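Notes to accompany the following structure.
No lab work stands behind these numbers, since they all come straight from the coordinates. These numbers were taken from a predicted model, which means no experiment stands behind them. A quick note on method: Cβ atoms are made from the backbone with ideal geometry, for glycine too, and the neighbour counts reach across all protein chains shown.
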Amino acid sequence: MTDGGGIDEDRSTEPAGPAGRSVYDRGDAVCVIGAGSSGLAAVKNLREHGFEVDCYERETGVGGGWDVGADRSPMYLGLHMVSSRPFTQFPDFPMPDSYPDYPDHRRVLAYLERYADHFGLREHVWFGTEVVEVAATDGHRWEITVRGTGGGPSRTLRYAAVVVANGHLWHPYRPEYPGQETFTGEVIHSAAYSDPAQLRGKRVLVIGGGNSGCDIAVAAAQQAGTAWHSTRHGEWLTPKYLLGRPADQLDDLTRALRLPLWARRLGYRALLRLTAGRPARFGLSRPTHRPFTAHPVVTSQLVYHLGHGDVIPKPSIAEFTSNRVLFTDGSDADPQLVVFATGYRPRFDFLAPEHLGGDEQKPRLYLQLLNPKRPTLSVAGLIDPDSGQFGLVHWQTVLIARLLRSRIESPARADALLRRAERDLDRRYLQTRMAATARHRFDVGHHRYLAALGQALASLERSA
Amino acid sequence: MSGEVTARVAPTRVWRRWEWARPVRPTTRQVLRAAPSAETDAPPILFVADIHDPGGAAALQPWLGAAAEAGHLAAAVSPRGLGATVRPGPRFAVTRREWVHDVVQEAVALPRRAILVGRGTGAWVVAHALHRYPAAAAVLIDPVGLPGRRMPGIGALLNRPRLGATLLLGRDPRLPSVSPPLLFASADGGEHKALSALAVRYSAQSEWLSAAGGALPDPAPILAWLGTALPAVPAGA
Ligand SMILES: Cc1cc2nc3c(=O)[nH]c(=O)nc-3n(C[C@H](O)[C@H](O)[C@H](O)COP(=O)(O)OP(=O)(O)OC[C@H]3O[C@@H](n4cnc5c(N)ncnc54)[C@H](O)[C@@H]3O)c2cc1C
Ligand SMILES: NC(=O)c1ccc[n+]([C@@H]2O[C@H](COP(=O)([O-])OP(=O)(O)OC[C@H]3O[C@@H](n4cnc5c(N)ncnc54)[C@H](OP(=O)(O)O)[C@@H]3O)[C@@H](O)[C@H]2O)c1
């Protein structure tokens, strides 16, 4: 269709940046930051709504985190999805029937690459180009400064709108423990774990009971000499299959049949008790929170390896000494390698936090994507769903594209949506109250969240 | 009638609870393909067979050839239960959802954004598939299951009662809010009025095809229309 030329010389109108820099005005074009799954969906849906798009990606390929080979990827060899296919895929680009219920990272990357090729998205992406600054200008337009990751001069371009899709799972969060600086063993974050071979033959301690922690504990059970797994509280460990179908599909079946939450909880507890049994039997603590009040942790293998003695469960860490780790129950371990699977925090180095309506850690965004005061800036993918990511982000980016279209074609409708956005700024879209930790700040329940997205879309669609 | 009528657009459906709770069971589909002799920029075409096509997609072989000659990578699919595509479980229980799934699966398997061309019940499925796949363009040939033209024939209905019920009583397909160029085509001279009414209703265009006594119509007018409707298709290539 159109060429994706973003930095063409002939586009350079009015060299009039603040400090005399030349600014290339890209007219009505929209800038997308990142070509992971969220950025790709943004490019596709903006193109479908008639926008010119320049997407900047600092890596050399599409796929974001799913490209395990990329240095910054938080993912690792052997990773399989925790969300089954119908939840994970883009709704208008289903994964092939030949894929298994839970594809691995290679299949997911291949899928994202096919998505990019099928819809001709690569021609709109500038690879190896990092966005270093996003600055607001008059009239809701944005000046974007980009630089080649290989070095070279930076350039500034002006866009009508920006979609930030930089991913929120690559900046590690690492708690500090007393004595940690004296510890002589190796300490890494799960972001730096990319291959089970890193664990081979070693004495390994894994900290954190999220999906990364459980996956790495399982890998350690299979590869390491000794494996300890420290968690600070009990989790509901959902197996990948329940009653012969992917657990998330079973859960959604109970919702489609309109069972109330209490009945679903009851059924879920009963099923787990009947199949896996009591957590204490495996040395795990009992979850103190009710089912569905925390981001789902999905693992079939952890319990299996606990039962085989390949993983030794441990409570929280009290302190580190030079060669040991002491736990709160008085026991200790002498790991050679400690893996902190303690999660990630969002980061927007290129953007002043006030544009996100709050600070970096606690943005205040309508539907977790839009600051109504800055209607031409949106964030795609800043969610941690209880289902899969791509499906929800697809609708996020459709909404973003429609809102930008409406601002041109029917401003009254766009304004009405922004008023609603003001009103609903602090609404969360969860099926129930979540455990109040930083880890769950971006959680959304897919039913509630999609219902709200659907409403917002409908308000823009209503025939004139 | 004037061209001023605006087509009814369906609200976007983001909630697909049955899709999540009970996804369509995978199957291996019969797909026939034809490739142009040289690479071109023309979008690929997916043909969808009618319930009456003997051998399903195999009946559309001549279209594949014509499309390939016009520079399109072409594929023809038999939705499950037709031709050589097996429906897991009893054949008579096949549903529209399964057929739409089959069409979308094969559309996304093509290397680029595809044009969907359906005939008879295939056209009906394509009309519904437009809500599930952002096609480059769509062509509905002798459609059934649309307002004014519901009957696919008694035999076909009795064979697949669930599908038949949806065909007869189901909701009319409406346009998705972002809808591709759309063409209605017919080889049945007696259907002129019904077809132009449909074209108006869907803000689409219409074409008449020539066919000798029930044979597969000549797709030349369709391919010519695609050339004009899709700006990206370079002439000749
Ligand atoms: C271990 C792990 C397992 C997961 N498993 C699942 C799962 O089973 N199911 C599921 O649905 N989700 C899962 N996820 C969530 C996953 O993050 C999402 O599926 C999805 O990949 C997020 O895509 P994204 O595009 O938002 O972010 P990312 O994939 O992180 O992509 C962001 C892109 O932006 C680029 N970028 C960032 N900053 C800049 C800049 N300044 N300039 C230019 N480019 C920039 C990055 O290079 C990157 O390519 C998992 C995540 C992790 C960490
Ligand atoms: N297989 C997969 O598909 C897969 C694999 C990995 C990750 N993911 C996804 O990627 C995202 C990130 O997952 P993640 O597991 O890396 O991170 P996470 O979900 O944030 O989990 C972090 C874990 O570390 C614990 N933790 C945090 N701070 C701690 C502290 N100070 N001391 C002790 N423990 C602490 C947390 O416990 P608390 O609960 O007490 O805070 C939690 O158990 C999630 O969306 C997840 O679903 C998917």
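Send over the per residue convex hull volume for the range A:331-464, Cα only, as a whole number of Å³. Mind dumping the intermediate values first?
On the way: hull volume 19.0 nm³, N = 134.
Cα convex hull per residue, to the nearest whole number: 142 Å³.
Say we join alpha carbon atoms closer than 10 Å with springs in a Gaussian network model of chain B; which of B:ALA224, B:ALA107, B:ALA137 then has the biggest fluctuation?
Result for chain B, Cα springs under 10 Å: B:ALA224 fluctuates most.
Can you tell me which of A:343-351, A:205-213, B:127-135 comes out highest on packing, and rank the rest after it, using the mean Cβ neighbours within 10 Å?
The peptides rank, most packed first, as A:205-213, B:127-135, A:343-351.
Per residue of A:249-258, count partner chain C-beta atoms within 10 Å of its C-beta, then hand back the mean as an integer.
Other-chain Cβ atoms within 10 Å of each residue's Cβ, averaged: 3.
Give, rounded to the nearest 20 debye, the magnitude of the charge dipole that the protein assembly as shown has about its Cα centre when Lys and Arg contribute +1 at Cβ and Asp and Glu contribute -1 at Cβ.
That gives a dipole near 3080 debye.
In terms of the ratio Rg/(2.2 N^0.38 Å) built on C-alpha atoms, what value belongs to the range B:23-228? Could you put the intermediate results ahead of the total?
Values: Rg = 15.6 Å, N = 206, 2.2 N^0.38 = 16.7 Å.
Against the empirical 2.2 N^0.38 Å value, I get 0.93 for the range B:23-228.
If each Cα of the protein assembly as shown is one equal point scatterer, what is log10 of I(q)/I(0) from the Debye formula at q = 0.09, 0.12 Å⁻¹?
So the normalised log intensities are -0.87, -1.37.
What distance in nm lies between label points placed 7 Å from Cα along the C-beta direction at A:ARG273 and A:TYR173?
Roughly 3.2 nm, to one decimal.
Using alpha carbons only, how many degrees (0 to 90, rounded to 10) separate the axis of helix A:105-118 from the longest principal axis of chain A?
Result, in degrees: 10.
Hey, what do the phi angles of the range A:337-345 turn into as Karplus ³J(HN,Hα) couplings, whole Hz, using 6.51/-1.76/1.60 and θ = phi - 60°, x for Gly and Pro?
Taking θ as phi minus 60°, the curve returns 10, 10, 10, 7, 9, 9, x, 9, 10 Hz for the range A:337-345.
What residue among B:ILE115, B:PRO134, B:TRP20 has its Cα farthest toward the positive end of the dipole of chain B, where the charges are +1 on Lys, Arg and -1 on Asp, Glu, each on the Cβ?
B:TRP20
With +1 on the Cβ of every Lys and Arg and -1 on the Cβ of every Asp and Glu, and nothing else charged, how large is the dipole of the range B:23-228 about its Cα centre, in debye rounded to the nearest 20?
The dipole of the range B:23-228 has a size of about 960 debye.
Search the structure for amide H atoms under 5 Å from the amide H of A:LYS314, placed 1.01 Å from N in the peptide plane, and list their residues when 5 or more places away or on another chain.
Those qualifying (amide H under 5 Å, at least 5 residues apart or on another chain) are A:HIS229, A:SER230, A:THR231.
Past 30 Å, Cα to Cα: identify those pairs from A:LYS202/A:LYS362; A:LYS44/A:LYS373; A:LYS44/B:LYS193, in the order given. Numbers along the way, then the final one.
Values: A:LYS202/A:LYS362 38 Å; A:LYS44/A:LYS373 25 Å; A:LYS44/B:LYS193 38 Å.
Over 30 Å Cα-Cα: A:LYS202/A:LYS362; A:LYS44/B:LYS193.
Is it possible to state the helix-based mean residue ellipticity at 222 nm for chain A, with each DSSP H run of 4+ residues giving -39500 (n - 2.57), the sum divided by total residues, to the nearest 500 deg cm²/dmol? What is it?
Value at 222 nm, helices only, nearest 500: -8500 deg cm²/dmol.
For chain A, what proportion of DSSP beta bridges, expressed in % and rounded to the nearest 5, is antiparallel?
On the way: 25 of 63 bridges.
If I count the DSSP bridges inside chain A, around 40 percent turn out antiparallel.
Over the range B:1-138, one equal point on each Cα, no solvent: what is log10 I(q)/I(0) by the Debye formula at q = 0.09 Å⁻¹?
Summing over Cα pairs of the range B:1-138 leads to -0.28.
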